[in-house]
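Since every read-out is calculated from the coordinates, none of them should be taken as a lab result. Note that the coordinates shown come from a computational prediction; the quantities given were computed from them, not determined experimentally. Don't worry about glycine lacking a Cβ; one is built from the backbone with ideal geometry, like all the others, and counts go over all protein chains shown.
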Amino acid sequence: MAWIPKPSASMKIERRDEPYLTQAMKDELSQRYLPRFETTLAALLPALHMIQHEYHWVPPQAMEEIAEFLGLSPADVLDTATFYEEYALAPRGRHVVGVCRSIACEFCGQPQVTQAIKDTLGIDVGETTADGKVCLVELECLGSCGTAPAALIDEELHEQLTPQRAAELVRQVRSQDAPPPASGREGLAPETASNAPKGASKSAPKSAH
């Protein structure tokens, strides 16, 4: 049987003249992050976050630029970007709907919430609507087990979702081309939701990575 090598080094990177890692990003990394760490490797996650926040994904060219700036190998950057599921390695829609799939959310109705979003948008998990507006993904945990099921729409956390409310939210995102603000614990009756702590669902907890 012939030995067939993998074409590991044959990947071609699409490039553009304008760098993804801008001078402003480099300045922020140099002034805000690098002084805090003993090694440049420790600033890799913030650098990847900057790219993802700006472009909604992490292009291969950007990984090379980060590697060069931080003095790392491109393999180090790629290994990190592929390890954390929050980093998108392919273009996404302008708005990302991320449904938590942790066991608490699953027990509290996440499959039905996800299905309602899929039916409303006409896409599956991991896909983007044809107009490029909305992408649907599943996330491992949003740290809101006590208010499951939960989802992130862009950077807004929505808790205690029902399938009906989830469908309403994604319709708003697609029609208005803007993320709806979190309006408290979505599935609670108004009189109950009004008693929830103010600001309890305004934003997702920051990642511990």
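Some values worked out for this structure:
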{"quantity": "Least to most buried among Cys141, Cys108 (fewest other Cβ within 10 Å first)", "calculated": "Cys141, Cys108"}
{"quantity": "Point-charge dipole on Cβ atoms (K/R +1, D/E -1) for the stretch 23-83, about Cα centre, debye to 20", "calculated": "180 debye"}
{"quantity": "Three-way shape call for the stretch 59-138 based on the alpha-carbon gyration tensor, with the a/c threshold at 1.5", "calculated": "oblate"}
{"quantity": "Cβ-based exposure ranking for Phe69, Phe107, Phe83, in which fewest neighbours within 10 Å come first", "calculated": "Phe83, Phe107, Phe69"}
{"quantity": "Whether the stretch 23-83 is rounded, prolate or oblate, judged on the alpha carbon gyration tensor where a/c under 1.5 counts as rounded", "calculated": "oblate"}
{"quantity": "Neighbour-count order for Arg174, Arg92, fewest beta carbons within 10 angstrom listed first", "calculated": "Arg174, Arg92"}
